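Okay, structure first, notes after.
The values are calculated or read from the model by the stated rules, or taken from the named source; none is laboratory data. Small disclaimer: the values here were computed from a predicted structure and weren't measured. Ideal geometry is used to build each Cβ from the backbone, glycine not excepted, and the neighbour counts take in all protein chains shown.
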Amino acid sequence: MEQKIIYADNAATTPVSPSVLEKMLPFFSQSYGNPSSMYSIARDNKEAVEHARAQIASAINADPNEIYFTAGGSESDNWAIKGIAQTQSARGKKHLITTNFEHHAVLHTMEELEKAGFEVTYLPVNEDGLVTAEQVAAALRPETALVSIMYANNEIGTIQPIAEIGELCRQKGVMFHTDAVQAVGAIPIDVKAEKIDLLSMSSHKFNGPKGVGALYIRKGIRPARLIHGGGQERGQRAGTENVPGIVGMGQALENAIETMESKTAHLLEIRDYVVEAIEREIPRVRLNGHRTQRLPGNVNVSFQACEGESLLLFLDMAGICASSGSACTSGSLDPSHVLLAIGLPHELAHGSIRLTFGGQNTLEEARHICEELKKIVAEVRRRSPLWNEEKGA
Amino acid sequence: MEQKIIYADNAATTPVSPSVLEKMLPFFSQSYGNPSSMYSIARDNKEAVEHARAQIASAINADPNEIYFTAGGSESDNWAIKGIAQTQSARGKKHLITTNFEHHAVLHTMEELEKAGFEVTYLPVNEDGLVTAEQVAAALRPETALVSIMYANNEIGTIQPIAEIGELCRQKGVMFHTDAVQAVGAIPIDVKAEKIDLLSMSSHKFNGPKGVGALYIRKGIRPARLIHGGGQERGQRAGTENVPGIVGMGQALENAIETMESKTAHLLEIRDYVVEAIEREIPRVRLNGHRTQRLPGNVNVSFQACEGESLLLFLDMAGICASSGSACTSGSLDPSHVLLAIGLPHELAHGSIRLTFGGQNTLEEARHICEELKKIVAEVRRRSPLWNEEKGA
Amino acid sequence: MSTPYSPTVMDHFSNPRNVGELPDANAVGEVGNPKCGDIMKMYLKIEDDVISDVRFQTFGCGAAIATSSIATEMIRGKKIDEALQLTNRAVVEALEGLPPIKLHCSVLAEQAVKSAISDYYRRQGIDPVPIVGALDDECDDHCSCGA
Amino acid sequence: MSTPYSPTVMDHFSNPRNVGELPDANAVGEVGNPKCGDIMKMYLKIEDDVISDVRFQTFGCGAAIATSSIATEMIRGKKIDEALQLTNRAVVEALEGLPPIKLHCSVLAEQAVKSAISDYYRRQGIDPVPIVGALDDECDDHCSCGA
Ligand SMILES: Cc1ncc(COP(=O)(O)O)c(C=O)c1O
Ligand SMILES: Cc1ncc(COP(=O)(O)O)c(C=O)c1O
């Protein structure tokens, strides 16, 4: 296929930028020493890891010794939630608060804790995909161990009022974790100002390598360990350090912070163009998630009477990479729990498309996507028994 | 420093071979799609991951769907042990058997489970660093949930009678896990013949990249998950797949298996030369671990009246990378628990050096190390108040 | 989930045969439901016990479209009793395989044909159950493409 | 653990000053124990209340060697009461810093000097405690270099 590929699935993963890969390369076959070792060649690696820690800390206004490297967003979420649950339950606190549209790394962890005897409040989000600090306040109990609310949603991109929730939790003396996997590197974050206690991130979402992430843990907080063993990460997370991965993550995040302003402007232009074009050119569509309080690169639309996998297959044939909330692509029995959480009927949840743009995308590509999408939706609807009824109605 | 470096710490970590890195490279910035995605460009990644899974399975005579990727040996150990402990304790089985000289990824996990109400039997190893199947048999109880015994020790390289222990456990219907992080890629392993139920490995120990490992889980066994979330790894280990890491691990292990025979011969030549030279040239030394039932590349010696960090610093100045069981280099309050477990007095445990060779080492390098070591030990002893007494005695 | 569809599946997905409504159909069946993400509607024109024309409309994934399409090809021009012999296995074979988690789409195609033929008998006041068998309207067991 | 020793530490480790025994020492002190992995033995020759000669032997890590070495330099030629002013902090400063987990080695050096001077008084039948202070023979608290 000599067709040009348009990658519009940056919320799923992103390419490693060449400048990041370049920084990583020496650490595979040349500077390969175990950072925990004595000799000089390992010392360089130790320094490289500490440099990356500082880069990441400075990106969210944390101190370097508040950053712990992990294998990705899922591990960070699991560690934060299970770790705090374990230490707090020793004090009799066995209640957790989250939302009903978190990533599965949070939701399935919560479900696991329910089996272990914790009680979990799943706050409903409104039809725009937002929760409020008031909802959190109303759910708090004396025995609440942790509030875990995602910074920005991975499907519909809505950004939660994190600073307000952080303020509330700090006032009430309750731990506050946020899954910021989609937000870090995309929008400004300040863990101090926003009073965040724990924050998860994942390198491959901001043009860093896959398989590496980090957990920010505010000084003085000590969740129980998830991975026991060697003394790495100041004894809190065992395992020989993934030096090239860590170096890549640090550099990628530094790059993301440096270019955030111009990239945001670029993404907003693309996003607003796409939303406007789809709503103008294609009948019976619905934008999912809040219209403005969302990540700059995120578009999520449902097309009545269309099924998502069919749309994706046609997009793929046209060289366009996107994703869908259809059950066919979720690997589960149901369509996206996020789209159901904002009140979409099953049919519309099955018929959603997520386009997530990155720095490498152009307005030209966005135009091409919209043109293709118009034809594709028409073809899928031509085949759909639901579109008959739709027309008849 | 324009000095040539001799790297003799291959048990700590190994360089990524250039051929392995070459296989990984396309998956950073070109073939970067999330393997769980719909579109064609992600499909290549999915296939690359499955190819690596098959490479790893074939290396230990497992089926590909018995291999689960993780972030390394520590995660694999934690998952295997906590996961089986959790599922078995639901059936009232709360007793675990291990040895007193496992890697900390196993030992500290066991200690954590003790806090959670499990009872753990730590089998003592003999002065050669070996346990027997009879010891395991004597420790088994009706409520034994898991036996976890390492395949080869990371400090002294001794190889346990895994097939006998596997046979015993299978007969008695008890789960058997082995931490094979040091053995995989170094000596032949056959999980079917040796009746292993779970086996941990780590890519960076056999010239693959850091931050990726695997857990072999025999078909039909289902340890509780350690990392909950997305449906990756057939729902058993969440997190976006570290595609380049996984590809590198698969290729590295395939290479290791292909070259194992010739590499073993090479390493045995080096090892036997080094042991012989040290014992001949340096007085009052002790070889730690069984003389022959040990990994081909492992030498571990204690030098009376010497402290290990001093030895390492001098070796480093001579461009030689090694490690030691001294507390100064273990990051803990005590010297190597492995050396204490085989009955070494503290002083000798502090005065140990581990030299672990890899395919890239030459006999010439081994000769150079022995010459340097002779001078270094003499200098360190000259400074030591214990050497006086030693001489006097 | 990657989509390792066979070329035949992709051919039927890209160029589905017999798509659309059939205004003079005398047998119409519909199976699946929007909750599951799969709805197949099958329109037959039956003359002298022979399926002389056929159309389908499907809301669903690539496999659902392809199984519907090939099923229409496999029953067109066939006698009713021949069409009733159509099994989901035959559909899968004709498509040169389906990913395991998509197998239920082939079941849906078989059911859509049977549902349409049942409708044909029902319109004539004949109880279809002894001829066609009972149809599982619900797709609880294999709801959606997910595994 | 990497070893970010300062150049001064590495200098004293590589070329330690005053290593060895001192046959005509009239004050010998030893602190630490083999269990901890650090033993410092300090030999002084004291004449007219002045430390005219000094040697050390140390079983221990790089920091232990370096702190012993520099301590001997810092007390050589000094009066006893000046030598008793030697603090572990001064040792660390003279070495241009030590990694935090190695700070106890400087304490050990200070203690080794005091232990030798105590021995000097003891040999003369003088109770050293009022002059030198009580010495902590055990290193339980800061045993070994590890943190
Ligand atoms: C025997 C053994 N088990 C487990 C581990 C842990 O592996 P990793 O550091 O890759 O997590 C190691 C190496 O550090 C090891 O040698
Ligand atoms: C919001 C959110 N949380 C957690 C994760 C999990 O991150 P990873 O796949 O790197 O483990 C993801 C992405 O997959 C995500 O979008």
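Figures for the structure shown
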item: Total residues in segment C:52-69, condition farther than 17 Å from A:GLU379 by Cα and crowded, with 24+ Cβ neighbours inside 10 Å; result: 2
item: Complete set of residues in segment A:107-118 that are away from ligand 2 (no atom under 16 Å from the Cβ) and of a type outside the set (Phe, Trp, Tyr); result: A:LEU113, A:GLU114, A:LYS115, A:ALA116, A:GLY117
item: Identity of the residue in segment A:343-369, touching a Leu at 6+ places or on another chain (Cβ under 9 Å) and in a loop (DSSP other than H, G, I, E, B), that ends up surrounded by the fewest Cβ atoms within 10 Å (Cβ to Cβ); result: A:GLY359
item: Members of segment B:23-50 found to be facing chain A (nearest Cβ under 10 Å) and more than 16 Å from ligand 2 (Cβ to nearest atom), listed by number; result: B:MET24, B:LEU25, B:SER29, B:GLN30, B:SER31, B:TYR39, B:SER40, B:ILE41, B:ARG43
item: Neighbours by Cβ (under 6 Å, 6+ apart or cross-chain): first from segment B:378-393, of a type in the set (Phe, Trp, Tyr); second at pLDDT 95 or above and part of a helix (DSSP H, G or I); result: B:TRP387/B:ARG381
item: Pair list, Cβ under 6 Å, 6 or more apart: segment A:236-263 residue closer than 16 Å to A:VAL184 by Cβ, other residue β-branched (Val, Ile, Thr) and assigned to a helix (DSSP H, G or I); result: A:ILE246/A:VAL49; A:GLY248/A:VAL20; A:GLY250/A:ILE56; A:GLN251/A:VAL20; A:ALA252/A:VAL20; A:LEU253/A:ILE56
item: Residue satisfying condition, being over 30 Å from B:HIS204 (Cα atoms), at pLDDT below 95 and more than 10 Å from chain B (Cβ to nearest Cβ), within set A:ALA318, A:ALA265, A:ALA277, A:ALA327; result: A:ALA327
item: Condition check for A:LEU226: in contact (Cβ under 8 Å) with a residue 12 or more places away in the chain and away from ligand 1 (no atom under 16 Å from the Cβ); result: no
item: Check on A:GLY250, touching a His at 6+ places or on another chain (Cβ under 9 Å) and within 16 Å of ligand 1 (Cβ to nearest atom); result: no
item: Within segment A:68-106, considering residues that are more than 16 Å from ligand 2 (Cβ to nearest atom) and of a type in the set (A, V, I, L, M), the one nearest to the chain's Cα centre (by Cα); result: A:ILE97
item: Single residue of A:ILE6, A:ILE56 found to be more than 16 Å from ligand 2 (Cβ to nearest atom), modelled with pLDDT of 95 or more and touching a strand residue (DSSP E or B) at 6+ places or on another chain (Cβ under 6 Å); result: A:ILE6
item: Selected residue (only one of A:LEU107, A:LEU96 is at negative phi and crowded, with 24+ Cβ neighbours inside 10 Å); result: A:LEU96
item: Residue count, segment B:45-61 (criterion: in a helix (DSSP H, G or I) and touching a Phe, Trp or Tyr at 6+ places or on another chain (Cβ under 9 Å)); result: 7
item: Filter pass, A:VAL299 being away from every other protein chain (no Cβ under 13 Å), more than 16 Å from ligand 1 (Cβ to nearest atom) and not in a strand (DSSP E or B); result: no
item: First in segment A:152-163 and without any contact (Cβ under 8 Å) to a residue 12 or more places away in the chain, second anywhere and within 12 Å of ligand 2 (Cβ to nearest atom) and not aliphatic (A, V, I, L, M), Cβ under 7 Å, 6 or more apart; result: none
item: Evaluation of B:GLU119 against (1) within 30 Å of A:VAL243 (Cβ to Cβ); (2) surrounded by fewer than 22 Cβ atoms within 10 Å (Cβ to Cβ) (one fails), failing number; result: (1)
item: Strands (runs of 3 or more DSSP E) enclosed by segment A:65-138 - at least 3 residues per element that are of a type in the set (Val, Ile, Thr) and in contact (Cβ under 8 Å) with a residue 12 or more places away in the chain; result: A:95-99
item: Matching residues in segment A:209-223 - criterion: being away from ligand 1 (no atom under 16 Å from the Cβ) and closer than 23 Å to B:THR240 by Cβ; result: A:PRO209, A:LYS210, A:ALA214, A:LEU215, A:TYR216, A:ILE217, A:PRO223
item: Residue ID - farthest from A:ASP9 (Cα to Cα), chosen from residues in segment A:204-232 that are among the basic types (Lys, Arg) and within 16 Å of ligand 2 (Cβ to nearest atom); result: A:LYS210
item: Check on B:VAL275, under 26 Å from B:VAL377 (Cβ atoms) and in a helix (DSSP H, G or I); result: yes
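The rows are residues; the columns are (1) at the interface with chain A (Cβ under 10 Å from one of its Cβ atoms); (2) over 27 Å from A:ALA238 (Cα atoms); (3) in contact with a Cys (Cβ under 9 Å, 6 or more places away or on another chain); (4) acidic (Asp, Glu).
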residue	(1), (2), (3), (4)
B:ILE5	yes, yes, yes, no
B:PRO15	yes, no, no, no
B:GLN55	no, no, no, no
B:ASP77	yes, no, no, yes
B:ALA80	no, no, no, no
